[in-house]
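Following: one structure in structure tokens, then a few remarks.
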Amino acid sequence: MERNPEDPKAWIERAKALMKCRMLTEAEEQIKEVLRRYPDDGDGWYLHGLLMNMIGSRAFAKESLTKAIGTLKNPGPAQYALGSILAFEGQDDEALIMFDAALREDIHDPDAWYARGRALLRMRRYRQAIISFDHVLEEKPADHHATEARREAIRMMNREQAVRDGDREFEALREEADYEQLARMLEHAGDAKAKKAAGILINLGRGSTRHIRPLLSHDDPIIRLRALHTLLALDDQDCADIYVQIALKMKTPEEGGGQRSAALLDEIGHALRRMRINSTPTLEEALQSNDEIRIVRAIRLLERAGFEETIIHLLSATSSASITVIYAALTALGAIGDERAIDRVASLMKSPDPAVRERARAVNRLIIQRSLPALMRRYASADADEQSCLLAILDEAGGDAIPDLLRMLRFEEDSIIREAASEALIAASDPTSVQHLIDSLISADTRLADHVIAALIHIGPAAVPHLMDLLIDPRRRVRERTSDTLTGMGRNALPALIGAIYAEDPALRDAASAVLIRIGTIAVPALEDALHQSDEQDQIRDLIGRIRKNERMERLLAEYRGEEPI
């Protein structure tokens with residue numbers, strides 16, 4: 001360069017040397033200087049394209065290589081480089097054009113042949129890919145990569161050919177409805193072929209059943225499972241009792257049958273549900289037997305199959321002499337959540353066996369959660385005695401039913417159902433449900449306010465500490481609802497309210513005093529007791545005076561209106 005600073009080749013060679021040394025920043029400056037001085041230098045654009053690709057700027061690299069291809073006398077290397085970038089980006093069609101162009105410049109370039117073969121392989125043009133790899137091996141017989149790529153192409157080509165041949169075979173079997181050959185495939189073929197055969201048998205319909213059924217007795221459990229899965233998909237009602245027999249021979253997950261057992265039981269149950277089977281002889285026999293394990297397995301199947309008489313069978317099973325059977329039946333009733341079971345479950349909550357009582361309570365909660373709308377409709381149309389029983393059942397569920405009742409009150413449009421849900425909310429409310437109710441009390445939802453206030457009043461003293469802080473809440477609606485609730489509690493709220501009139505916070509004192517005045521004469525005896533125990537006698541006397549003044553005013557207004565005095 002010092003001898004001939006105007007020679008672009010010298011600049012290019014220096015840039016190549018810098019790139020080999022990984023001095024990419026310096027190389028880029030060198031190449032830019034070349035292109036600034038010689039903007040039509042093809043070697044400069046080629047080198048710039050390689051450099052841009054090295055630093056990850058593929059868009060600039062493609063642009064520079066395209067310029068190089070248009071200016072170089074021998075553009076083969078630039079075409080190969082551009083094709084490699086396109087192939088990396090998944091543009092194999094465009095890459096193939098570049099590799100073919102590079103090979104027209106140099107038919108013996110093994111790199112271009114190899115890159116061309118890889119692109120063809122990805123495009124599933126296996127024969128042409130093999131030819132490309134053969135060209136590589138002509139130039140470089142020991143090339144390991146080309147050898148392996150050629151083998152891969154042959155394997156993929158043979159596999160696709162086998163699939164095509166197999167598809168033709170299966171298409172012929174489908175057209176001829178060759179049940180026997182397809183069933184033999186189900187028995188003897190590998191998994192892939194057996195799966196295809198099963199699919200065709202299912203598509204051919206219930207005519208396949210008699211050819212598949214014998215495989216249920218096969219010695220190989222894999223073949224038995226293949227046959228069972230295929231039969232289940234056919235929804236043949238004539239096989240329903242067979243499915244029940246199989247299910248009753250299987251260990252349930254509770255017996256240690258595991259996930260596979262659970263999945264297969266689910267599949268059998270869903271098939272029976274789709275077929276809308278009421279029952280089967282084997283199922284009836286199992287439920288009437290004295291075999292505890294067999295009865296429990298039948299109950300687990302009932303739970304999954306959803307027969308029309310499932311609830312009847314399960315309710316009957318709760319009268320068994322076996323605690324295990326009762327427990328299984330209760331568990332199934334809880335999982336199904338049908339409101340028709342609620343009365344029997346309620347009676348079991350009085351069982352002398354503590355384990356049965358506890359399980360019945362848990363199931364009661366599940367049924368209430370899952371069938372609450374039905375229970376409320378039943379409550380709305382029931383007589384007073386039945387309503388009383390249903391409220392007692394809801395009361396037993398306690399706070400667990402509160403979220404569902406609140407949800408129903410928020411969204412139910414039927415006024416009769418809403419009234420029933422409101423009564424149920426009050427009956428089910430207990431100290432464990434206070435937080436749910438408080439959250440609804442402070443919400444902006446106006447549909448819930450009156451119902452929640454009534455429920456909190458029902459709970460009584462346990463709710464008072466949660467309400468006292470809300471008396472000075474910054475939101476007006478919360479303060480008003482809290483005041484209404486504490487007023488409705490009456491005597492239950494008096495200790496906390498009287499204690500609050502001694503609070504340091506003047507806002508709390510004023511709010512508590514206002515509620516005591518609203519409670520009225522009921523509060524006077526408690527205030528008089530506090531009068532003798534407190535130093536704040538003036539404040540308490542003032543409260544008593546205001547309450548009595550309000551009482552006199554109410555009496556005068558009642559007399560003026562001609563009403564009976566309160």
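List of remarks:
- A 1.4 Å probe run over region 232-375, with the rest of the protein chains in place, finds 46 Å² accessible per residue.
- Convex hull volume per residue in cubic angstrom - Cα atoms of region 279-343: 71 Å³
- Surface composition of the chain: carbon and sulfur make up 50 percent of the accessible area, probe 1.4 Å.
- Within the shell defined by Cβ-Cβ distances under 11 Å, the residues around L231 carry a net charge of +1, with Lys and Arg each +1 and Asp and Glu each -1.
- If you wrap region 249-298 in the convex hull of its Cα atoms and look at it from every side, the mean projected area works out to 3.5 nm².
- Within the shell defined by Cβ-Cβ distances under 13 Å, the residues around N53 carry a net charge of -1, with Lys and Arg each +1 and Asp and Glu each -1.
- Put a dot 7 Å past the Cα of R206, heading toward its Cβ, do the same for D385, and the two dots end up 4.8 nm apart.
- Restricted to Cα atoms, region 1-107 shows a radius of gyration and a Dmax of 14.0, 47 angstrom.
- A straight chain from D40 to K193 at 0.36 nm per residue would run longer than the Cα-Cα distance by 48.9 nm.
- Relative to the dominant Cα principal axis of the chain, helix 372-381 is inclined by about 30°.
- Two numbers describe the Cα atoms of region 193-351: Rg and Dmax, which are 16.8, 58 Å.
- The stretch between I517 and L137, if pulled fully straight at 0.36 nm per residue, gains 126.4 nm over its current Cα-Cα span.
- Translational diffusion coefficient (Stokes-Einstein; Kirkwood radius from C-alpha pairs) of region 460-512 at 37 °C, 0.692 mPa s, in µm²/s: 302 µm²/s
- Estimated from helices alone, the mean residue ellipticity of the chain at 222 nm is -23500 deg cm²/dmol (sum of -39500 (n - 2.57) over DSSP H runs with n ≥ 4, per residue).
- Vicinal HN-Hα couplings computed from phi for region 491-497 (Karplus, 6.51 cos²θ - 1.76 cosθ + 1.60; Hz; Gly/Pro x): 4, 4, 8, 4, x, 5, 5
- Compared with the dominant principal axis of the Cα atoms in the chain, helix 354-370 is inclined by about 70°.
- Take region 23-92 with all the other protein chains still there, run a 1.4 Å probe, and you get 50 Å² of accessible area per residue.
- Normalised alpha carbon radius of gyration of the chain [divisor 2.2 N^0.38 Å]: 1.74
- If you take all other residues with their beta carbon under 12 Å from the beta carbon of A523, and give Lys and Arg +1 and Asp and Glu -1, the sum is +1.
- Size estimate for region 432-491 follows the Kirkwood approach: the inverse of mean 1/r over distinct Cα pairs works out to 11.1 Å.
- Between 0 and 90 degrees, the angle of helix 42-54 with respect to the longest Cα principal axis of the chain falls at about 30 degrees.
The values are calculated or read from the model by the stated rules, or taken from the named source; none is laboratory data. This is a predicted model, so every value here is computed, not measured. Don't worry about glycine lacking a Cβ; one is built from the backbone with ideal geometry, like all the others, and counts go over all protein chains shown. Just the protein is used for accessible areas: all its heavy atoms, side chains included, with ligands, DNA and RNA removed. Shrake-Rupley method; radii C 1.70, N 1.55, O 1.52, S 1.80 Å.
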